[in-house]
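Okay, structure first, notes after.
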Amino acid sequence: MNARIYLSVFILLLSFTVVAQQQNPDQDERFATVFGNQQDDLGGYVSLGFGNTIINDNNALFGQFRLAARLGHSFSIGVAGAGFSDWLYGLNHDRPDLSPDGYFIEGGYGGLLLEPVFAPNFPVHLSFPVLIGAGGVAFSEETEEYDWEDFEYETGHFVLASDAYFVIEPGIELEFNLSRYIRMGAGISYRFTNAINIEGSREYLLNGLSGSVNLKLGVF
């Protein structure tokens, strides 16, 4: 996925939300789901998501976890974490001095989650999650070792280089209130980090877009 695809998804999400709100002009202040209206002031949720992200200008698998308390329907605060790996897309071969045979990029990050929600009373609405925290990244190569107990070769990853970083990741998500306790979302985000120190040079190789879908379970 490239920047144009992510931008198209963003425009689609925004347009869909505007249309959904215009089709509900008489909606009251109660919390609305696909199956009816309910009302509560406090709650919380746990969320799991997966998708695709851009690392070093290449695609990588992306997974995320959130645990948050909801203060009213319009704001949530909690913790969030994410992990990424480009192993599914094959080896990188742009750093022969680091690994002549190619390498993978893997890592993760986590921290504080702040999530304002726009028009939460509508069954389809927007949220704006922001993650502020830190993480680590590793450049690794695939290795094979013979297991004398099982009499077979086992593959693993040997870390060639690693570094820590600070991260801020704002995003926008289109959410569907499926029921009082289930919410599904899809969105995009952009990860900003400080420069990563690899092979004596400093590069912003972790800055990039992410696209994901998630499922939230809790009291909304």
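The values are calculated or read from the model by the stated rules, or taken from the named source; none is laboratory data. This structure is a prediction, so every number in the text was calculated from the model and none was measured. Every residue, glycine among them, receives a Cβ derived from its backbone with ideal geometry; neighbour counts consider all protein chains shown.
Annotations
- Any chance F166 is modelled with pLDDT of 90 or more, closer than 22 Å to N207 by Cβ and within 18 Å of the chain's Cα centre (by Cα): yes
- Members of the stretch 48-60 found to be in contact with a Ser or Thr (Cβ under 9 Å, 6 or more places away or on another chain) and within 23 Å of E175 (Cβ to Cβ), listed by number: G49, F50, G51, N52, T53
- Picking from residues in the stretch 125-161 that are surrounded by 15 or more Cβ atoms within 10 Å (Cβ to Cβ) and closer than 15 Å to S99 by Cα, the one that is modelled with the lowest pLDDT is H157.
- Hey, A119 touching a helix residue (DSSP H, G or I) at 6+ places or on another chain (Cβ under 8 Å) and surrounded by fewer than 21 Cβ atoms within 10 Å (Cβ to Cβ) or not: yes
- Restricting F75, F84 to those that are over 30 Å from A138 (Cβ atoms), at pLDDT 90 or above and in contact with an Asp or Glu (Cβ under 9 Å, 6 or more places away or on another chain) reduces the list to F75.
- Annotation note: of G90, G81, G49, G43, the sole residue that is buried (at least 18 other Cβ atoms within 10 Å of the Cβ), under 29 Å from V159 (Cβ atoms) and of a type in the set (G, A, S) is G49.
- Being among the small types (G, A, S) and either assigned to a loop (DSSP other than H, G, I, E, B) or in contact with a Gly (Cβ under 6 Å, 6 or more places away or on another chain) (or both) is a description that applies to S99.
- Considering residues of the stretch 20-61 that are of a type in the set (D, E, K, R) and either under 30 Å from L205 (Cα atoms) or over 28 Å from the mean Cα position of the chain (by Cα) (or both) only, the residue modelled with the highest pLDDT: D57
- Among the residues listed as G187, G171, the single one being at pLDDT 95 or above, touching a helix residue (DSSP H, G or I) at 6+ places or on another chain (Cβ under 8 Å) and either acidic (D, E) or surrounded by 16 or more Cβ atoms within 10 Å (Cβ to Cβ) (or both): G187
- Subset of the stretch 75-108 (residues that are closer than 24 Å to V167 by Cα and of a type in the set (S, T, N, Q)): S76, S85, N92
- Answer residue from the stretch 190-203, given it is assigned to a loop (DSSP other than H, G, I, E, B) and modelled with pLDDT of 95 or more and is surrounded by the fewest Cβ atoms within 10 Å (Cβ to Cβ) among those: A195
- For the criterion of being modelled with pLDDT under 95, surrounded by 15 or more Cβ atoms within 10 Å (Cβ to Cβ), aliphatic (A, V, I, L, M) and under 22 Å from E203 (Cβ atoms), L98 passes.
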